[in-house]
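Contents: one structure, followed by commentary.
The values are calculated or read from the model by the stated rules, or taken from the named source; none is laboratory data. In this text the structure is predicted, and so the values were computed from the model without any measurement. Don't worry about glycine lacking a Cβ; one is built from the backbone with ideal geometry, like all the others, and counts go over all protein chains shown. Please note that ligands, DNA and RNA were not included when accessible areas were found on the heavy atoms of the full protein model with its side chains. Shrake-Rupley method; radii C 1.70, N 1.55, O 1.52, S 1.80 Å.
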Amino acid sequence: MIRLPGLIDSHVHVREPGQTHKEDWDTATQSALAGGVTMLLAMPNTKPPIFDASTLDLALGAAKEKARCDYAQFIGAGPDNAEVAASLADKTAGLKMYLDSTFGELRLDDMSLWMQHFANFPKDMPIVLHSESRTMGAGILFASIHDRPVHIAHISLKEEVLLIKAARERGIKVTCEVCPHHLFLSKDDIPVISHGHPGRGEVRPRLATKEDVEALWQNLDVIDCFATDHAPHTLAEKDSENPPPGFPGVETILPLLLTAVSEGRLTINHVLEKMVANPRRIFHLPEQPETWVEVDENAEYEIKASEMHSRCGWSPFEGWKVRGKVRRVVLRGKTAFEDGKILVEAGYGRNVRESEN
Ligand code: NCD
Ligand code: ZN
């Protein structure tokens, strides 16, 4: 048995408010705890999107009542909320800017809209960009012009990891995350994931080529964080005419990474650096006292969505044999998960942006 600190997942779609048939604060945080994740940062592309004081209250109200692990909530950048978002910054995980199209309504096409957010949002608070390929190049230029940090969500391409590396060598403050599905899957795996339903292979950014995947593994030192982009949609939705993009992931990230550790492709230090130390530093997150994860590093098992806690009911990693099982999770002194069971009540989770007194 090994003992790890509680993991931080900096990219989770909780789906509440508005799409609780996919997931909610209760099921998302149960799934997180079962995966060894004791703190998650929630994305703002809900229904309605989180973009002002009243929508932020909606999300935080639901979280306060239902969350079982600790959390913070991102605010989304819209066409006319730059000042409001900046004024709420210290209540949020940071600002999320959607510069490419994906699931949800938050998208900023015009670069003059980006400028207002870069100028207004407090410089010591993180801005996270959904920006793929050349859009990412533009986002890094904004970081340079405004001399402020940006964090690039879910990079997946060789050209992206190489540009981030080059930008950092010039002193530009850019950090990035990679998702397990972009490390462990390529577009060649789509037929296996799909089982004849092409929608199941849809995710943004799309699964990339083997060469892209290889470039991520070759440049692990450039990758600051592993984050899931846990994006649950039901199977009925994935198999529909108009399938929404996104994979669930918060419950499978640790076993997948530990399997890679057992195969010598990663070290446990990589996991701790990219899921604890770096997200804590980049997003200014507090330490969680008396919090740890007990893992049986030799236990082998098969990934089965039917045993998971997410409401979406499927996994792109169904049937994968993994090595490394979460046995027990202790969160702020209480056993939160043990042998497959969630043991803390809804509402135990704490908003880490709220002071304790
Ligand atoms: C995400 C979702 O479903 O909210 N989908 C996805 O494919 N990653 C949106 C996003 O993160 O872009
Ligand atoms: Zn996302």
Does at least one position in the stretch 136-144 carry a residue that is away from ligand 1 (no atom under 16 Å from the Cβ), at pLDDT 95 or above, part of a loop (DSSP other than H, G, I, E, B) and open to solvent by 60 Å² or more (accessible area, probe 1.4 Å)?
no
Please enumerate the residues belonging to the stretch 221-235 that are aliphatic (A, V, I, L, M), touching a strand residue (DSSP E or B) at 6+ places or on another chain (Cβ under 9 Å) and either over 14 Å from Glu160 (Cα atoms) or assigned to a helix (DSSP H, G or I) (or both).
Val222, Ala227, Ala231
Return yes when Ile253 is among the β-branched types (Val, Ile, Thr), farther than 20 Å from Phe317 by Cβ and either at pLDDT 95 or above or open to solvent by less than 20 Å² (accessible area, probe 1.4 Å) (or both) and no when it is not.
no
Condition (residue is more than 14 Å from ligand 2 (Cβ to nearest atom), open to solvent by 10 Å² or more (accessible area, probe 1.4 Å), closer than 30 Å to Asp70 by Cα and of a type in the set (A, V, I, L, M)) applied to the stretch 178-201: is it met by at least one residue?
no
Expected output for the stretch 213-232 (first residue under 18 Å from Gly36 (Cα atoms), partner more than 16 Å from ligand 1 (Cβ to nearest atom) and not in a helix (DSSP H, G or I), Cβ below 8 Å, 6+ apart or cross-chain) is Cys225/Thr175
Let me spell it out: the conditions are (1) more than 16 Å from ligand 2 (Cβ to nearest atom); (2) open to solvent by 40 Å² or more (accessible area, probe 1.4 Å), and His117 meets all of them except one. Which number is the exception?
(2)
Scan the stretch 40-58 and report the pairs whose first residue is under 15 Å from Tyr71 (Cα atoms) and whose second residue is aliphatic (A, V, I, L, M) and within 11 Å of ligand 1 (Cβ to nearest atom), with Cβ atoms within less than 8 Å and a gap of 6+ or a chain change.
Leu40/Val12; Leu40/Val14; Leu41/Val12; Ala42/Val12; Ala42/Val14; Met43/Val12; Met43/Val14; Pro44/Leu106
Among the residues of the stretch 145-175, how many are assigned to a loop (DSSP other than H, G, I, E, B) and open to solvent by 10 Å² or more (accessible area, probe 1.4 Å)?
7
So which residues in the stretch 1-10 are part of a strand (DSSP E or B) and buried (at least 24 other Cβ atoms within 10 Å of the Cβ)?
Leu7, Ile8, Asp9, Ser10
If the Cβ limit is 9 Å and pairs must be 6+ apart or interchain, which residue in the stretch 124-137 that is of a type in the set (Val, Ile, Thr) pairs with which residue that is open to solvent by 40 Å² or more (accessible area, probe 1.4 Å) and more than 15 Å from ligand 2 (Cβ to nearest atom)?
Ile127/Pro149
Step by step: first the residues of the stretch 281-340, then only those that are farther than 15 Å from Gly35 by Cβ and small (Gly, Ala, Ser), then the one that is surrounded by the fewest Cβ atoms within 10 Å (Cβ to Cβ). Which residue is that?
Ser306
Does Ala277 satisfy the condition of being away from ligand 2 (no atom under 16 Å from the Cβ) and closer than 28 Å to Asp90 by Cα?
yes
Only one of these is part of a helix (DSSP H, G or I) and in contact with a helix residue (DSSP H, G or I) (Cβ under 8 Å, 6 or more places away or on another chain): Leu257, Leu266. Name it.
Leu257
State which residue is farthest from Gly349 (Cα to Cα) when the search covers only the stretch 16-31 and only residues that are open to solvent by less than 10 Å² (accessible area, probe 1.4 Å) and within 15 Å of ligand 2 (Cβ to nearest atom).
Lys22
Flag for Val161 being touching a residue at least 40 places away in the same chain (Cβ under 8 Å), closer than 28 Å to Leu185 by Cβ, aliphatic (A, V, I, L, M) and away from ligand 2 (no atom under 15 Å from the Cβ)
yes
Of all the residues that make up the stretch 84-112, how many are away from ligand 1 (no atom under 15 Å from the Cβ), open to solvent by 40 Å² or more (accessible area, probe 1.4 Å) and of a type outside the set (Ser, Thr, Tyr)?
6
With respect to the numbered conditions (1) within 12 Å of the chain's Cα centre (by Cα); (2) more than 24 Å from Leu235 (Cα to Cα); (3) open to solvent by 10 Å² or more (accessible area, probe 1.4 Å), which one is the sole condition not fulfilled by His13?
(2)
Being over 20 Å from the mean Cα position of the chain (by Cα), on the phi < 0 side of the Ramachandran plot, modelled with pLDDT of 95 or more and assigned to a loop (DSSP other than H, G, I, E, B) narrows Glu354, Glu297, Glu287 down to just Glu354
